[in-house]
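Quick notes on the structure that follows.
The values are calculated or read from the model by the stated rules, or taken from the named source; none is laboratory data. In this text the structure is predicted, and so the values were computed from the model without any measurement. No Cβ is skipped: glycine too gets one built from the backbone with ideal geometry, and neighbour counts run over all protein chains shown.
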Amino acid sequence: MTASQKQAPYLKALCEYAAREPARLHVPGHKGGPGADPLLLEAIGERALSLDIPALTYGIDIGPDPTPFEEAQQLAAQAWGAKRAWFLVNGASQGNLSAGLALAHHGDEVVVQRNAHSSAVDALVLSGLRPTFAAPELDPELGIAHCLAPQTLDAALARTPGAAGAWVVSPTYFGAVADVGALAEIAHARGVPLIVDEAWGAHMAFHEDLPAHALSLGADLVISSTHKIVGSLTQSAMLHLGEGGAERIGEDAVDRAVTLTESTSPSSLLTASLDAARRLAFLHGRELLAQTMQTLADARAQIRAIDGLDVLDERMTGRAGVFAYDPLRLAVDIRGIAATGYELAPMLRESGDINLELYGQNVVVAVFGMGERALPEATRLVSALREASARAGLDPSGASTSFAAPPPWGELAMTPREAFLGSQEAVPAADAAGRIAAESLATYPPGIPNVLPGERLTAQTLAYVQRTLELGGSVRGASDRLLHTVRVVVEDGSHGGRR
């Protein structure tokens, strides 16, 4: 451990600037607190406002090299084992946007895991890349998507010889971890870089009992949503470039893409939180994670003892698309009780003020952070689950809420960019079959995008999405969340149309 890793140089520079009480003849207009609304001042405090300092401030992010900002990013790269790390203030979504734009320097096609985050689809729109989608493994019992199998990636790359890269997700929302080492070998054997959306796995670098993190397994560019588990402020994230990624993608290409997609007024509070979260993870991550994992192991045992409930854990390992499992996700299998996740979640809020990260038909997910110490929320969750499941009663079949597999995807008739930017109109969902979608339709569960911009809609897919809504699910990406209408491309011979 180096002495510098014990510091938070960017945060320290902000504090020193604020302590000098300088003449703030620059933005923001609250001037470090005196110009703020009293309610805001009371809510977050003068100390936080005093650290809200703009970019291009001497001694913080400009001045002699390395500046405190540059030093903070260098320390982050060392902590995660990257060649270079970028602090992101537009979330991991900015990392996905940057990845797509960087890949577009090397070609116009890309292989993408089908249950990629919506920001990866946004990246396809911005970059113009034409995707070849690779299907993740779908759990036939739980109705949720796991990770991409290595053989599936190999087949998709074989169908896309001009691919600029391969883009996968690991871990998933539900904690499944991909065989990233094998995926990297396959991508590199095909001569392309591997991009890993590891938004949910920033903590995995800091304890040997956790699944290995993507950079250590050969990934070239890794999106890391640091705020999710490691504990920086919401909307802050990092983008990590691997040693091989510098050659396969190019450091300059990534740097320009990050600059293009970030605000010109980045929040110093977000950046400082990344600096501090890196310090906490590097210095104390191992012990904190050990405490959290033990507490959650105990909580899982208690939940499994509740009639009708089970948990997702290391027993998932070995299932299709599950190479390993991340224990910081507490996913509860509720198929044995007579309630869906959509019904159970309100019960938990009412009985224990329990607010979940995610709830679907068969599974509800609670997320725990690296820095939680006593973890009283685990005890609260177990108690609330016990009460709510008793209210719901048991489902004698134990499987009455299972989902049918989604229908096959429609033909990709144009790139997502062409569809998103082209002339389009909203039509009744009943009339949309056969038209080209101008928007995404992603039902939850299982969370796989059923339709993406540029794909031709089918009657089977539309019926599946509608059925999911009737069962209490939701659809993401649609301009009409109730799906009375769907936005479609205006093709030659179709009527109407508006931008």
task: Exactly one condition in (1) assigned to a helix (DSSP H, G or I); (2) among the charged types (D, E, K, R); (3) touching a strand residue (DSSP E or B) at 6+ places or on another chain (Cβ under 9 Å) is not met by residue 141; state its number.
output: (1)
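Given the options 112, 89, 121, name the one that is in contact with a Phe, Trp or Tyr (Cβ under 8 Å, 6 or more places away or on another chain) and of a type in the set (Val, Ile, Thr). Quick ask: steps written out before the conclusion?
Working: 89 fails: in contact with a Phe, Trp or Tyr (Cβ under 8 Å, 6 or more places away or on another chain); 121 fails: in contact with a Phe, Trp or Tyr (Cβ under 8 Å, 6 or more places away or on another chain).
Result: 112 is the single residue among 112, 89, 121 that is in contact with a Phe, Trp or Tyr (Cβ under 8 Å, 6 or more places away or on another chain) and of a type in the set (Val, Ile, Thr).
Residues checked against (1) among the basic types (Lys, Arg); (2) assigned by TED's automatic domain parsing to the domain that holds residue 307:
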position	(1), (2)
325	no, yes
355	no, yes
360	no, yes
380	yes, yes
408	no, no
411	no, no
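Whether any residue in the stretch 87-94 is at positive phi, surrounded by fewer than 24 Cβ atoms within 10 Å (Cβ to Cβ), assigned to a loop (DSSP other than H, G, I, E, B) and in contact (Cβ under 8 Å) with a residue 40 or more places away in the chain is what I want to check. Reasoning before the result, please.
Filtering the stretch 87-94 down to residues at positive phi leaves 91.
Imposing the further condition that a residue be surrounded by fewer than 24 Cβ atoms within 10 Å (Cβ to Cβ) reduces the set to 91.
Going one step further and asking which of them are assigned to a loop (DSSP other than H, G, I, E, B), we end up with none.
Checking the stretch 87-94: not a single residue is at positive phi, surrounded by fewer than 24 Cβ atoms within 10 Å (Cβ to Cβ), assigned to a loop (DSSP other than H, G, I, E, B) and in contact (Cβ under 8 Å) with a residue 40 or more places away in the chain.
Could you run through the stretch 427-453 and say how many residues are touching an Asp or Glu at 6+ places or on another chain (Cβ under 7 Å) and more than 16 Å from residue 115 (Cα to Cα)? Reasoning before the result, please.
Filtering the stretch 427-453 down to residues touching an Asp or Glu at 6+ places or on another chain (Cβ under 7 Å) leaves 436-437, 453.
Filter once more, keeping what is more than 16 Å from residue 115 (Cα to Cα): 436-437.
So the count comes out to 2.
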message: Taking the condition of being at pLDDT 90 or above, of a type outside the set (D, E, K, R) and touching a Ser or Thr at 6+ places or on another chain (Cβ under 9 Å), how many residues in the stretch 121-144 meet it?
response: 12
message: Just to be sure before I move on: is residue 169 hydrophobic (A, V, I, L, M, F, W, C) and in contact with an Asp or Glu (Cβ under 6 Å, 6 or more places away or on another chain) in the structure I sent?
response: yes
- request: Give the residue, chosen from 281, 290, 297, 277, that is in a helix (DSSP H, G or I) and more than 11 Å from residue 371 (Cα to Cα).
  value: 297
Tally, over the stretch 1-36, of residues that are among the aliphatic types (A, V, I, L, M), in a loop (DSSP other than H, G, I, E, B) and surrounded by fewer than 16 Cβ atoms within 10 Å (Cβ to Cβ): 4
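Of all residues being hydrophobic (A, V, I, L, M, F, W, C) and surrounded by 18 or more Cβ atoms within 10 Å (Cβ to Cβ) in the stretch 255-268, which is nearest to residue 202 (Cα to Cα)? Just the residue, please. So that I can check it myself, show each step before the final result.
Residues of the stretch 255-268 hydrophobic (A, V, I, L, M, F, W, C): 257-258, 260.
Checking the rest, the ones that are also surrounded by 18 or more Cβ atoms within 10 Å (Cβ to Cβ) come to 257-258.
On the way: 257: 21, 258: 19 Å.
Filtering first and then ranking leaves 258.
Give me a count of the residues in the stretch 37-86 that are assigned to a loop (DSSP other than H, G, I, E, B), without any contact (Cβ under 8 Å) to a residue 60 or more places away in the chain and of a type in the set (A, V, I, L, M, F, W, C). Spell out the reasoning first.
Initial filter on the stretch 37-86 (assigned to a loop (DSSP other than H, G, I, E, B)): 37, 51-57, 59-61, 63-67, 81-83.
Right, trim to without any contact (Cβ under 8 Å) to a residue 60 or more places away in the chain and you get 37, 56-57, 59, 61, 63-67.
Pick out the ones that are also of a type in the set (A, V, I, L, M, F, W, C) and you get 56.
Final tally of qualifying residues: 1.
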task: Kindly list the number of the only condition in (1) modelled with pLDDT under 95; (2) touching a helix residue (DSSP H, G or I) at 6+ places or on another chain (Cβ under 8 Å) that fails for residue 309.
output: (1)
Hits in the stretch 453-484 (condition: in contact with a Ser or Thr (Cβ under 7 Å, 6 or more places away or on another chain) and more than 30 Å from residue 344 (Cα to Cα)): 453, 454
statement: Conditions (1) under 17 Å from the mean Cα position of the chain (by Cα); (2) closer than 30 Å to residue 384 by Cα -> residue 223 fails only (2)
